[in-house]
1. Within segment 43-56, can you find the residues that are assigned to a loop (DSSP other than H, G, I, E, B) and among the polar types (S, T, N, Q)?
2. Please state which of the following conditions V86 fails to meet, knowing it meets all the rest: (1) under 20 Å from G164 (Cα atoms); (2) modelled with pLDDT of 95 or more.
3. Six or more apart or on different chains, Cβ atoms under 6 Å: show the pairs whose first residue is in segment 92-104 and touching a residue at least 60 places away in the same chain (Cβ under 8 Å) and whose second is open to solvent by 30 Å² or more (accessible area, probe 1.4 Å) and of a type in the set (S, T, N, Q).
4. Quick one: is S125 among the hydroxyl-bearing types (S, T, Y), closer than 22 Å to S68 by Cα and in contact (Cβ under 8 Å) with a residue 24 or more places away in the chain?
5. Consider only pairs whose beta carbons are under 6 Å apart and that are at least six residues apart or on different chains; among these, list those whose first residue lies in segment 149-163 and is at negative phi and of a type in the set (A, V, I, L, M, F, W, C) and whose second residue is part of a helix (DSSP H, G or I) and open to solvent by 30 Å² or more (accessible area, probe 1.4 Å).
Amino acid sequence: MIKIVSIAALALTMASCASVENILHSPSDTRSVTTTMTATNAEKGLITMQSHHSVQETADKLAAIIESKGMKVFARVDHQKNAQGVDLTLRPTQVIMFGNPKAGTPLMQCEQSVAIDLPQKILISEDADKKVWLSYNDPQYLKTRHNIKGCDTVIDNISKALNGVSTAAVAK
């Protein structure tokens, strides 16, 4: 069972990395990157930004920022370490699950099915070019996915919080 879960996690991570590569390195994208590159993959509902740190450093920084903002880190999953445990290789990949009932509960009161996407999760991964990326679910995508109505302020607050902690974690 553990092998099946690990393989599924590996497949999901690899698919996510591939889609990030497609978004951020499209041939028509000739913009220069100054400090932080951010992209939104509307189809998959991900917001992705490049980090100036390693996966470990970005994840450590993110966890510290989350906790300093009064949120709780519920779990930290090191997919690379888990893959090594079953004799597989994976580039550095971590997921941090976190939240605050003051933010999540009002969202679930709007539409309880959004609980499947809570607590919030942020993926930090390294691509084949050794670039580190931070990705999270776009709250606007969750709004659409769960047909959330009348909770724009809640969605906006969550968007601001996710952007704030993510931007701080990837900054130089």
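The values are calculated or read from the model by the stated rules, or taken from the named source; none is laboratory data. Computed from a prediction, not measured in an experiment: that's the story for all the values here. Heads up, the Cβs are rebuilt from the backbone with ideal geometry, glycines too, and the neighbour counts pull from every protein chain shown. The protein model used for the area step is the full one, side chains on, heavy atoms only, and it has no ligands, DNA or RNA in it. Shrake-Rupley method; radii C 1.70, N 1.55, O 1.52, S 1.80 Å.
1. Scanning segment 43-56 gives a single hit, S54.
2. The single condition V86 does not satisfy is (1).
3. T93/Q80
4. When the stated conditions are applied, S125 does not pass them.
5. Correct list of pairs: C151/C110; V154/P106; I155/K143; I158/A103.
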